[in-house]
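To keep things clear, I will list the structure first and then write my remarks on it.
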Amino acid sequence: MQLGQLYRQVRDRFRAAGLPAADLDARILVSTLLDLSISDLILDERREIAASTVAEIGQKAKLRLAGMPVGRILGEREFYGRRFLLNSAALEPRPDTEVLIDAVLHRTMSDRPIVIWDIGTGSGAIAVTLLAELPLCQAIAFDLSEDALACAAGNARLHDVDTRFQAVCADFLSSIDTCCSDGPDWIISNPPYIQTDVLSTLDPEVIHFDPLLALDGGNSGLEAYVCIITDAAKLMKQGTGIAFEIGFDQAADVEKQLRHHGFGAIEIIKDLSGNDRVVLARRA
Ligand code: GLN
């Protein structure tokens, strides 16, 4: 079968099943499994694909039709133009989180050595992306899950930033005195922020495939922010920054916590859908 034909067959099955991102899912699935770029699907559409490969792609397409997200089928997902390997302990990195990366990059001099701490690193998407974008940056990535840290460390190796990457398995407070007394220039986090009682209303593709530890923000949805801000206030030097991804309705609450703990210069940034998505602040 020819490549163009194969792609259209998968896409049409996804469209017929009513998948909301049918075309994109088909493009990513077929191109990644064939190790091609998305544009090759068009430019090289007459390429002959072996029957065994067609059958394998058909099997993967069935998994998608059964409700498995493409990133989980492939075990990888693109974030900020780079490939991130996933395991079951790591949240799939989302495009919304790219807003957090841009916000930090726009406020950072790339020719200065800086230290960032990524709290709840998961796949390492935030820490590894910043290391790749900022050649003089060092990162410490914290997570409660050893499996997530193994995933993050693998991604640091994949993108050749592992010599500047350190993984720490701990929650934030318990790890402070053991690893790094100097304190960071930035504390950055996409913590779990969904209220426990609305978890069951999330899209089944999120709740069945993303780790609960990365989603469940406790009864208020704010528990992780409160812990991180309380700890950060004790160790951050004046003028250093904190940057959070937040849920669309959490800006005011997170801002209140930050002000209460001595942070100022607060900025709130929206995502591409126009929802509040990032909060930035400086230690006053
Ligand atoms: N943005 C995630 C979602 O789609 C939630 C991630 C988080 O809790 N940090 O549900």
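Only the coordinates and a few stated rules stand behind these numbers; no lab work does. Only a predicted model underlies this, so the values are computations on that prediction, with no experimental measurement involved. Here the Cβ is made from the backbone with ideal geometry for all residues, glycine too, and neighbour counts use every protein chain on show.
See the values below:
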{"read-out": "Ranked list, fewest to most other Cβ atoms within 10 Å of each Cβ, for Ser200, Ser189, Ser145", "value": "Ser200, Ser145, Ser189"}
{"read-out": "Antiparallel bridges, percent of DSSP beta bridges restricted to the stretch 76-283 (to nearest 5)", "value": "45 percent"}
{"read-out": "Under 14 Å, Cβ to Cβ, from Ala16 - net charge with Lys/Arg +1 and Asp/Glu -1", "value": "+3"}
{"read-out": "Cα gyration tensor shape of the stretch 3-68, rounded if a/c is under 1.5, else prolate or oblate by comparing a/b with b/c", "value": "prolate"}
{"read-out": "Formal net charge of residues neighbouring Trp186 (Cβ-Cβ distance under 11 Å; K, R +1; D, E -1)", "value": "+1"}
{"read-out": "Cα-derived Rg to Rh of the stretch 76-283, Kirkwood definition", "value": "0.93"}
{"read-out": "Packing-based exposure ordering (other Cβ within 10 Å, fewest first) of Asp143, Asp203, Asp185", "value": "Asp203, Asp185, Asp143"}
{"read-out": "Burial ordering of Met1, Met236, fewest other beta-carbon atoms within 10 Å first", "value": "Met1, Met236"}
{"read-out": "Highest-fluctuation residue, Leu130, Leu105, Leu144 considered, GNM on the chain with Cα pairs under 10 Å", "value": "Leu105"}
{"read-out": "Ordering of 17-25, 211-219, 152-160 by burial proxy (mean other Cβ atoms within 10 Å per residue, highest first)", "value": "152-160, 211-219, 17-25"}
{"read-out": "Cα-based shape type of the stretch 75-184, given that a ≥ b ≥ c are square roots of the gyration tensor eigenvalues and the cut on a/c is 1.5", "value": "oblate"}
{"read-out": "Dipole in debye (nearest 20) - the chain, about Cα centre, beta carbon charges: Lys, Arg +1; Asp, Glu -1", "value": "440 debye"}
{"read-out": "Hydrodynamic radius of the stretch 1-116 per Kirkwood, over alpha carbon pairs, in Å", "value": "15.9 Å"}
{"read-out": "Alpha carbon centroid spacing (whole Å) that separates the stretch 119-165 from the stretch 264-284", "value": "23 Å"}
